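Scroll down for the structure; my scribbles are underneath it.
The values are calculated or read from the model by the stated rules, or taken from the named source; none is laboratory data. Being a predicted model, the structure only gives us computed values, none of them experimental. Heads up, the Cβs are rebuilt from the backbone with ideal geometry, glycines too, and the neighbour counts pull from every protein chain shown. To get the accessible areas, we keep the full protein, side chains included, count just its heavy atoms, and leave off ligands, DNA and RNA. Shrake-Rupley method; radii C 1.70, N 1.55, O 1.52, S 1.80 Å.
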Amino acid sequence: MLNICICDDEPRITDQLEGFIRQLEQEDSREELHFSSTIYHSGKELLENYKNQFDVILLDVEIGKDNGINVAKALREKNCDAILIFITQYLQYATEGYKVKAYRYILKPVDYQSFATEVKAAAIEAEKREKSIAVMVGKDQYANVKMNDIISVEIFGRNAIIHLKSRDINTYETLKNIGEKLDDNVFVKVYKNCIVNLDKVTRYTATTIYMSNQSAVPLSRHRATEFRQKYVMYWGSRI
């Protein structure tokens, strides 16, 4: 079940998009793909009711008196990691959307084919975010860790420690072993003792990478080019 939020101040638009969702559900050949939809008509209403319950948020950039970019920033401050798709008449907001990690844009007036393409892509992305890896945390003991929850992985003594949003996991595995289980399009080694999740990078300089958990990770000069290339490819494919 893909939980979708539609936030637009025009009832005509929200009705149209909800109709598109129902149409997409009927046409989709994958029987396991189902949608639930919730509608809000203001950014304030969305923020007041947000409890990390959505997989995808369709957000109008100009929503009445609210600014959709500011609403998105407030959502991210609430640790919202939903897939964010902006609905807009203008692509001039792409740079600002990049800062709040927008996944895609849908241009108004919205047509069904464009909508279906972006929502299907979001559904595939949501499935990827549910993927887990098994890591050894004790003798004959393993823990399943969602890849999307991983912020970074570092050497801790002889073994690796996995940094999550709310806690850390000490493992009995090497950095190399964990790295081989991760998607190398999303996870990048940035110095000899650390791997970072590109989705959790908030900004970077020539020598330091800043992560969503407020940590700062050194960026090796020898790995800087690869990091920048993968970062641009990762986020460039989403805008």
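In segment 63-70, is there at least one residue being assigned to a helix (DSSP H, G or I) and charged (D, E, K, R)? Quick ask: steps written out before the conclusion?
Quick first cut of segment 63-70, residues assigned to a helix (DSSP H, G or I) only: 68-70.
From what's left, charged (D, E, K, R): none.
Scanning segment 63-70, I find no residue that is assigned to a helix (DSSP H, G or I) and charged (D, E, K, R), so the answer is no.
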Which one is farthest from I85 (Cα to Cα) among residues in segment 213-239 that are part of a loop (DSSP other than H, G, I, E, B) and open to solvent by less than 50 Å² (accessible area, probe 1.4 Å)?
S220
Restricting attention to segment 1-26, and to residues there that are over 18 Å from E125 (Cβ atoms) and of a type in the set (D, E), which single residue is least open to solvent (accessible area, probe 1.4 Å)?
D8
Of the criteria (1) part of a helix (DSSP H, G or I); (2) surrounded by fewer than 18 Cβ atoms within 10 Å (Cβ to Cβ); (3) modelled with pLDDT of 90 or more, which one V110 fails
(1)
With respect to D140, determine if the residue is more than 21 Å from W235 (Cα to Cα), acidic (D, E) and open to solvent by 90 Å² or more (accessible area, probe 1.4 Å).
yes
For segment 112-132, indicate whether the set of residues that are over 30 Å from F20 (Cα atoms) and out of contact with any Pro (no Cβ under 6 Å at 6 or more places or on another chain) is non-empty.
yes
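What number of residues within segment 120-133 satisfy the criterion of being open to solvent by less than 30 Å² (accessible area, probe 1.4 Å) and in a strand (DSSP E or B)? Before the answer, list the steps.
Filtering segment 120-133 down to residues open to solvent by less than 30 Å² (accessible area, probe 1.4 Å) leaves 121-123, 125-126, 133.
Now restrict to residues that are in a strand (DSSP E or B): 133.
Within segment 120-133, residues that are open to solvent by less than 30 Å² (accessible area, probe 1.4 Å) and in a strand (DSSP E or B) number 1.
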Name the single residue that is farthest from S212 (Cα to Cα) among those in segment 43-97 being open to solvent by less than 60 Å² (accessible area, probe 1.4 Å) and of a type in the set (S, T, Y).
T88
Spot the failing condition for L24; the list is (1) at pLDDT below 95; (2) under 20 Å from the mean Cα position of the chain (by Cα), and only one is missed.
(2)
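Mind checking whether some residue in segment 134-143 is under 27 Å from Y103 (Cβ atoms) and either assigned to a loop (DSSP other than H, G, I, E, B) or without any contact (Cβ under 8 Å) to a residue 40 or more places away in the chain (or both)? Working first, answer last.
Within segment 134-143, the subset under 27 Å from Y103 (Cβ atoms) is none.
Checked segment 134-143: no residue is under 27 Å from Y103 (Cβ atoms) and either assigned to a loop (DSSP other than H, G, I, E, B) or without any contact (Cβ under 8 Å) to a residue 40 or more places away in the chain (or both).
If you take the residues of segment 158-204 that are assigned to a strand (DSSP E or B) and open to solvent by 70 Å² or more (accessible area, probe 1.4 Å), which of them is nearest to M147 (Cα to Cα)? Before the answer, list the steps.
Initially, segment 158-204 is screened for residues assigned to a strand (DSSP E or B), giving 159-164, 168-170, 187-191, 194-197, 201-204.
Those left that are additionally open to solvent by 70 Å² or more (accessible area, probe 1.4 Å): 168, 170, 189, 202-204.
Values: D168: 14, N170: 16, K189: 15, T202: 18, R203: 20, Y204: 21 Å.
Only one residue fits best here, namely D168.
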